[in-house]
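What follows is a short report on a single structure.
The values are calculated or read from the model by the stated rules, or taken from the named source; none is laboratory data. From a predicted model like this one, the values you see are computed outputs, not experimental measurements. Here the Cβ positions follow ideal geometry from the backbone for every residue, glycine too, while neighbour counts run over all protein chains shown. Quick note on the areas: whole protein, heavy atoms, side chains included, nothing else; ligands and nucleic acids left out. Shrake-Rupley method; radii C 1.70, N 1.55, O 1.52, S 1.80 Å.
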Amino acid sequence: ELRKRKTSSPDHSPTREEIPEDAPKVKPVALDNNASFFARFLHWLWLPEDASYLGLFRIGWGVIMAYEIWAHVRRNFRMTLIHFYSNKFGFHSKYYLFDWVKVMPFAYMQIFMLVAFLSAVGITIGYKYRLSCVIFFFSISYIFLLDTAHYL
């Protein structure tokens, strides 16, 4: 019998202390040889897997994105000035239906780039990961929507 849960949350998973020693162990279900391709594929998708690779991907992605934003920040935001404020043709090509996205004043853009850089560092180290991802998503989306000719 499971001990009484300490929380009243319906989505609470039992901890190791709450699971009795004689509880049955969960084993993956074996498929027969006559299972369909789709059933075998679904079975393969749900097999237990080590999540450390996902952590390595998160760290790698965060480092690359932090470097890309740092390219704008270093040397006193010179790359930002070149791409968004000193266009020799006098216009920026926009994505269809996103011509309403305008370049913010340079002082705000500096703060914006620093926030984007800090969110990329947050992704790298895992600090407030979900918030860092949301902030970085909106910041990188804004940078991409400013000009179709600008790629990171």
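Numerical summary
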item: Solvent exposure ordering (accessible area, 1.4 Å, most first) of ARG75, ARG58, ARG40; result: ARG75, ARG40, ARG58
item: Computed over the stretch 51-151: relative contact order in percent, which uses C-alpha pairs under 8 Å that are six or more apart; result: 39 percent
item: Spin-label model distance (nm) - TYR53 vs ALA35, 7 Å beyond Cα toward Cβ; result: 1.9 nm
item: Residue-span extension gain [TYR95 to PHE137] - 0.36 nm each, minus C-alpha spacing; result: 13.4 nm
